[in-house]
Amino acid sequence: MSAVGPNWAGSYEYGASALLHPTSLDELVSLVTASPRLRALGSRHSFNDVADSPGVLVSVDALFGDDELVLSESDRTVTVGAATRFASLAAFLEPRGWALHNLGSLPHISIGGAIATGTHGSGVGNGSLSTAVAALEYVDGTGSLVRIARGDEGFEGSVVALGALGIVTRVTLDIQPSYQMRQDIFVDLSWEAALDGFDEIMAAAYSVSLFGDWGDAGFKQAWVKTRLDGVGSGAGSPSVSSPASAPFAYVDSFFGARPAGSKVMSPAGDDLDNTTVQGGVPGPWSERLPHFRADVTPSAGDEIQTEYFVSRADARAALLAVRALGDRLRPHLLVTELRTIAADALWLSPAFGRDSLAIHFTWKSHPAEVRALLPTLEAALAPFDVRPHWGKWFALGAAQLAPKYDHLADFAALADSRDPAHRFRNPYLTRVLGLPS
């Protein structure tokens, strides 16, 4: 085992020589200026080498504790340490009457790592988690503490930055008044219904996810998360036939899918009881938006993940292209999840400039077989200008990815200005973005 160890799923072993935990900004600055190569490491929820370093890794988990979160009700923002996990932030905000606009399926992830890679939840009107960033602070390659806020020059290149600009220490996020939600699970959504009504289905509630395995039966589950204040629900919302406080099965149907008759376990492993409260029981946003509870291991645990973004306008054609590969995918697949993300203006965001469909694959721990499948998947999705999730497995390289990002040259210039000695460079940034080492 390496000095740093593996990621959370055990599917990637970090190659850095050490993991350091500075306890002050002065110590972090000294570490940066003394290290020829270093990178920030968050909660280890990436599946590739995006956060690895040929030198050392740095965690900022000892810089700012969960007791140092700063709430500004007048500005509707909260400032947190970059190592703060979304579960901890939600536990801070909800009792005070505040909320985030969205959460990912896993509340276990660090805020700094999530925003750096463009991680997201679901909802046709919801931007990725990175779009909530109002400002951030980081120590750049010269040892300077940089603060950049929305509206400042270069801000759009500084949020989804893949660790290339420096070590992020604190993040300021937009917040909104707290809201209640319900989560309903439906089973057996047919391919015909999903393809013919895709836009309507995904807009039917604040957040919708579809789970399947590319088989002929369609999607085995639809997870429908509805805000009880009505925000984000479009035409096609499921009809309610009894009060919102009813314990279960009061929604008649969802585009032909029927209500689940009991609690649904992890879509990636039916025997894993790790999911959040279902059955339409009202509860706070913090306990309904994530798929998985913060007190348990999410998903299947021993897994590999891949995710590809296409324009939502291409959803039908892209889904049909992947469905044609179903027989090749299923032997190595635990589950696929479909989610939607609103367009944003962040330079390296996979949702930059277009409302997006994210096609997610949770794979069995079959690394050789999955690696062999990725070029085939990417070729099938190539006509739709496919973009990968930066923190998951993909085979696309810089030559293919560069044309997909209009501001890549601007980002490279920003990275050079903030890290002239290339302290934060690693093989990933060279392979994926073409940044010189």
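Some notes on this structure:
- Hey, Val124 in contact (Cβ under 8 Å) with a residue 24 or more places away in the chain and touching a Leu at 6+ places or on another chain (Cβ under 6 Å) or not: no
- Long-range neighbours under 6 Å by Cβ, at least six apart or interchain, first residue within 16 Å of Phe198 (Cβ to Cβ) and hydroxyl-bearing (Ser, Thr, Tyr) within the stretch 221-240, second at pLDDT 90 or above and surrounded by 15 or more Cβ atoms within 10 Å (Cβ to Cβ): Ser237/Ala204
- Note on the stretch 254-313: residues that are under 26 Å from Ser128 (Cα atoms) and part of a strand (DSSP E or B) amount to 13.
- Among (1) of a type outside the set (Phe, Trp, Tyr); (2) under 14 Å from Arg182 (Cβ atoms); (3) at pLDDT below 90; (4) surrounded by fewer than 18 Cβ atoms within 10 Å (Cβ to Cβ) - the single one Gly232 does not satisfy: (4)
- Failed item, numbered, when Asp174 is tested on (1) surrounded by fewer than 17 Cβ atoms within 10 Å (Cβ to Cβ); (2) over 30 Å from Ala315 (Cβ atoms); (3) touching a strand residue (DSSP E or B) at 6+ places or on another chain (Cβ under 9 Å); (4) not small (Gly, Ala, Ser): (2)
- Within the stretch 292-306, being at pLDDT 95 or above and either polar (S, T, N, Q) or under 15 Å from Asp385 (Cβ atoms) (or both) holds for Gln305, Thr306.
- Residue within the stretch 197-209 that is assigned by TED's automatic domain parsing to the domain that holds Pro282, among the acidic types (Asp, Glu), modelled with pLDDT of 95 or more and in a strand (DSSP E or B) present: no
- Residue match in the stretch 48-71 (condition: touching a Pro at 6+ places or on another chain (Cβ under 8 Å), buried (at least 22 other Cβ atoms within 10 Å of the Cβ), hydrophobic (A, V, I, L, M, F, W, C) and assigned to a strand (DSSP E or B)): yes
- The stretch 151-187 - residue that is out of contact with any Lys or Arg (no Cβ under 7 Å at 6 or more places or on another chain) and among the hydroxyl-bearing types (Ser, Thr, Tyr) and, of those, farthest from Glu337 (Cα to Cα): Thr169
- The condition (being hydrophobic (A, V, I, L, M, F, W, C) and farther than 30 Å from Ala379 by Cβ) is satisfied by just one residue among Ala268, Ala260, Ala313, Ala317: Ala260.
- Restricting attention to the stretch 146-191, the residues that are under 19 Å from Leu289 (Cβ atoms), over 20 Å from the mean Cα position of the chain (by Cα) and aliphatic (A, V, I, L, M) add up to 2.
The values are calculated or read from the model by the stated rules, or taken from the named source; none is laboratory data. This is a predicted model, so every value here is computed, not measured. Note that we place each Cβ from the backbone using ideal geometry, even for glycine, and neighbour counts take in every protein chain shown.
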